[in-house]
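These notes are about the structure you will find just below.
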Amino acid sequence: MSRHALGEFEQMVLLAILHLGDGAYGVPIVDEIQRRTGRTVAPAAVYIALRRLEQKGFVSSWMSESTPERGGKARLCVKVTRAGVESLREARRALDGMWKGLDPTLRTIR
Amino acid sequence: MTGTTRPPALARRLIERALPAGVAEAVVGDLNELFARECAALGARRARQRYWRQALSFVWHFAMEGWRDQRRGDVMRIGMSWLDLKLGLRMLGKYPGLSIAGGLALAVAIGLGAAWYDLSGDIFRPTLPLPAGERIVEIEMRDPVGGGDERRLLHDFTVWREHARSFEDLGAYRTIERNLVLGDARPEPMTIAETTASAFRIAGVPPALGRPLADADERPGTPPVVVIGHGIWQRQFGGRADVVGQTVQLGRTVTTIVGVMPEGFTFPVNHRMWVPLQLRPSGYAPLEGPPIRVFARLAEGTTQVQAYAEVVALTARTAATSPRTHEHLRPRVLAYGGESPGDRSVLELAVTHLPIVLVLLVACANVGTLVYARTATREGEIALRHALGASRGRIVAQLFAESLVLATLAAIVGLAAANAALKVGVTAYYSGAPEGMPFWIDPGLKLTTVLYATVLTVVGAALLGVFPALKATGRRSQAQIRNMGGQSTLRFGGVWTTVMIAQVALTVICIPPALGISTEALRDRQIRDAFPAEEYLAVRLELDEGAAAAPDDTRDAVNRRLEATYREFERRVAQEPAVRAVTFADRLPGMGVAVRRAEVETAPDLPPVFVPNLWTSAVGPGFFQAFDVAILSGRDFHDGDRAAESRTVVVNEAFARRFFGGANPVGRRVRYAGGDGGTPQPWLEVVGMVRDVGMTPTDLGEAPYVFHPASAAATRPLVMAVRTETDPEALAARLRAIAAEVDLGLRLDDIRSLDAIAWQVDVPMVVSAVAIVGIVVLGLFLSAAGIFSLMSVSVARRTREIGLRAALGATATRLLAGILSRALVLTGSGVLAGNAILGLFIAIEPEIALADALGALLLTSVVMLAVGLLACLGPARRALRIAPLDALKEA
């Protein structure tokens, strides 16, 4: 198991980056999570999550070219590293393990 | 992006300061992107709100993250930690009395201080949003003998423009009003700057389209031209690019548009249309011509003081050749829009900063007693921490952090309240100004003010927290605590006791005026509410200068034409279906004060009574019927009374009550004082007495009024009152249409229901009543809190003594007397001091009746003593619960 466990929100951020592919950055990540989960997400929370993920080595970031529609400001682009993907797999395995065999039990609980 | 669709710059700067550089750039970019999207979907206002919310969210999240990092690394870079701040927050909950009283006092102090700092900046030297705006000045002429400003300065302006070397350029303007008529559209009254072309050079802002006014436009006889503002261009012309060269009608004059100024440009004050001020090439005699305002741009390297010296010299030359007009006149060169006469003086700095420091010191002294008392009850805890190895600096830092939390929360509340109050107050202040709000005024707190208040908050927190902490952790205190087995050693010395006595005295002084003002405000509102002001629409009527007459008309002919225009307008309005009555006056009931010095003949064989402020109103035909005012005695005015030689007046019941003890005043006489104490004017005979309207409440129920018969042509200002059966505001559009049909030069200004006008007149009174009652309640609360603190500390110090006395058989009454005596002495001293000052006021103010004075003194004493006793309840109960055995064991 990885030295750093992933929180639920961190998993969502990593998965959103993977869905977006190259050039993922703040605004589309927020949109992607909101679109797929229906939850309202604060952009600041995404940035904090990205900061922590980068400290853990699960994402890498770089500044893109500045664009006029952003008031001449650059984007902070991110991509998931190999360690990040591995960490996501671990998280999924752990969750799947916990879910396994629960379906009949859940059916009996109203 | 235009000004309104641009993201808030302050929020952007906040992010750039609070977040690491690379992240800040990306965050600002993201927020800009979201802003553009939300502008299109939700509108600019909501998009700006959301931008602010997101910006604050980022600052908060990153600040929290920073603290978490610090805690994870177990690195305490400063003596004060996040834990101290959290503890400070908990302390607020643990001592709710202190939190509310202290927080409120600090909030009021910080709010008042910030508002004053903000306003004093605008009063002395406002920041002009113009290129090199600090070099723009205004030149005024004071008349110390007449006691006002002399504005008939066309002669002086031409002299200064020709000879002064201190200025790069000089300009002059006056504000005029005209109806703007576009095609078949309804005329719209516009406030226009009639200005020299130099205004555009001095402001240094080029036009967005066409050209500004040119010097050639100032020559009389040149074709009329106008420069329009961005708002008019967008609203009236749909932002069309071919607007330059089109003609519009200003009143009765067809005028060509020569230029459009960019958005936000409203120089000289809040103007959106500019026409040339045409000056006679032959010049003007001293004090000839209309009133104007003169402004200038200082030459490069010239100071305001140097320019002032030159203007003084030039004015002295004029005074030498024309002593009759200029002997007493004194010029002033002021920062544009402000009162600063030049280099920042000590006085200017003192006026800006001293009140803030004083208010903060008073609040800190108040709150200091509370914090001191709280520190006293925690001495044991402080000693324990000291014994376990906490340094003195660490403990002081912790107590400072607690004060900082309290002061910060108070600052947030105080600044938010000051911001809201400034927005409402400044907007209301300028709502009645003919030129509107000046372009350099931005209602609400400025960023510099917020930063200034932040510094003051930290200083205040340091004063509050550090002083008691140093005292509690001093070597002497610690030694005493060890000797006394953890009992409190802090005591309220002479300074704190004096502060509390002074505070009680101040509160005592404020109680009578607070009660007086609030009961008066309530009474006035009740009296006004009885009158159906919501059925009346008030309209100020103006005819364009010169538009009503040919140049060779006599004054009588002009007046006849004005009268005829008004009559026709009144006739047309009266024919409207919902209109019940139409009349006019120079001011309608409830519209504010117009007073004159007068003499009233109360009896034929007695000398007349001098009255410094008799309320007067010039009224038109049908005035009393329109306002349902019954004639109680004598008669109403008839047409003969409106002749120039007529000397008749009608008075109201309040007049009869004040001067005739309620007897019939018909047949008695009134006359006005002459100017400068000269010969009085001729006597006027009272021919009728009417019932009080009930819109000008005073102690007499209504102000004593003298009504004069007036014709429309001779009445200035001319205010029409229309009584309707429907919503009066709904009639406004119809009135404008009728006015345009009667005469394009007839302008309708300030159309509002009488109810709204009366409320605006009442607002200062209501605000002052609420403010003074608030101050008294806060004062009472703080006095109570101070006495409570004193008693708490006293009981904590005397636990063992009280226990021993109880063990030795002292009764509860004796114990209570011992405990309460100090509080009573303190409150009594404050009450005595306050009443002595009140007594002094009463003695020098002959209008206050003895019974009222004694009532006020008794009331303040009872209220204050009751508050003092209430404050003692908690500590007294605590003292009575001290178990003798426990106290003996401790001993």
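Values quoted throughout were computed directly from the atomic coordinates according to the rules given, and no laboratory measurement underlies them. None of these values were measured; they are calculated from a predicted model. Quick reminder, even Gly has a Cβ in these numbers, built from the backbone with ideal geometry, and neighbours come from all protein chains shown.
Per-structure values
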read-out	value
Order by protection proxy (mean Cβ within 10 Å, highest first), peptides B:529-541, B:872-884	B:529-541, B:872-884
Whole-Hz ³J(HN,Hα) from phi, Karplus 6.51 cos²θ - 1.76 cosθ + 1.60, for the range B:634-642, glycine and proline x	x, 9, 7, 5, 10, 4, x, 5, 8
Ellipticity estimate at 222 nm from DSSP helix runs (n ≥ 4, -39,500 (n - 2.57)) divided over chain B, nearest 500	-18000 deg cm²/dmol
Over the range B:85-194 - Rg/Rh using Cα atoms and the Kirkwood inverse-distance radius	1.27
Built amide H within the under 5 Å cut-off of residue B:683, gap 5+	none
Where the Cα pairs of the range A:8-108 fall when distances are cut into 10 Å bins, in %	14, 40, 29, 11, 4, 1
27 Å Cα-Cα reach of residue B:423 towards lysines, excluding residues that sit fewer than 8 places from it in its own chain	B:446
Chain B: Cα Rg divided by the 2.2 N^0.38 Å rule of thumb	1.19
14 Å Cα-Cα reach of residue A:79 towards aspartates and glutamates, excluding residues that sit fewer than 8 places from it in its own chain	A:10, A:22, A:54
Crossing angle, helix B:154-163 versus chain B [Cα axis fit, 0-90 degrees, rounded to tens]	80 degrees
Value in Å of the Kirkwood radius, where the range A:3-54 supplies the Cα pairs that are averaged	11.0 Å
The range B:383-474: equivalent-ellipsoid semi-axes (sqrt of 5 x gyration tensor eigenvalues, Cα, Å)	44, 10, 8
Whole-Å semi-axes of the range B:564-630's equivalent ellipsoid (Cα gyration tensor)	34, 13, 11
Fewest-first sequence of B:318, B:222, B:507 by Cβ atoms within 10 Å of each Cβ	B:222, B:318, B:507
Amide H partners (placed H, <5 Å) of residue B:611, local residues excluded	B:598, B:599, B:600
The range B:133-335: Rg to Rh, with Rh as the Kirkwood radius over Cα pairs	1.01
Separation between Cα centres of the range B:81-120 and the range A:42-110, rounded to whole Å	41 Å
4 °C / 1.567 mPa s Stokes-Einstein diffusion coefficient of the protein assembly as shown, Kirkwood radius on C-alpha pairs, µm²/s	36 µm²/s
Approximate spin-label separation residue B:631-residue B:808, in nm, with each point projected 7 Å along Cα-to-Cβ	8.9 nm
Alpha-carbon Debye profile of the range B:1-75, log10 I(q)/I(0) at 0.21, 0.28 Å⁻¹	-0.86, -1.26
Residues residue B:358 and residue B:843, FRET efficiency given R0 of 22 Å [Cβ-Cβ distance, rounded to 0.05]	0.20
Difference of contour (0.36 nm per residue) and Cα-Cα distance, residue B:671 to residue B:880	67.9 nm
Estimated translational D of the range B:762-890 in µm²/s (Stokes, Kirkwood radius over Cα pairs; 10 °C; 1.306 mPa s)	93 µm²/s
Alpha-carbon gyration tensor eigenvalues x 5, square-rooted, for the range B:216-290, Å	27, 15, 10
Fewest-first ranking of B:749, B:605, using other Cβ atoms within 10 Å as the exposure measure	B:605, B:749
Spin-label pair residue B:241/residue B:428, simplified geometry with 7 Å Cα→Cβ offset, distance in nm	4.8 nm
Per-residue Cβ neighbour rank within 10 angstrom, fewest leading, B:242, B:628	B:242, B:628
Candidate lysines - alpha carbon under 27 Å from residue B:471, same-chain residues fewer than 8 apart omitted	B:86, B:94
Between 0 and 90°, nearest 10: helix B:96-124 axis offset from chain B longest Cα axis	30 degrees
Cα centroid separation, the range B:747-789 to the range B:392-421 (Å)	27 Å
Table column - 3J(HN,Hα) (Hz), the range B:817-832, Karplus curve with 6.51, -1.76, 1.60, x for Gly and Pro	4, x, 6, 7, 4, 5, 5, 5, 4, 5, 5, x, 4, x, 4, 4
Stretchable slack from residue B:750 to residue B:442, in nm (0.36 nm times residue separation minus alpha-carbon distance)	108.5 nm
On Cα atoms only, tilt of B:555-574 relative to the major axis of chain B in degrees	70 degrees
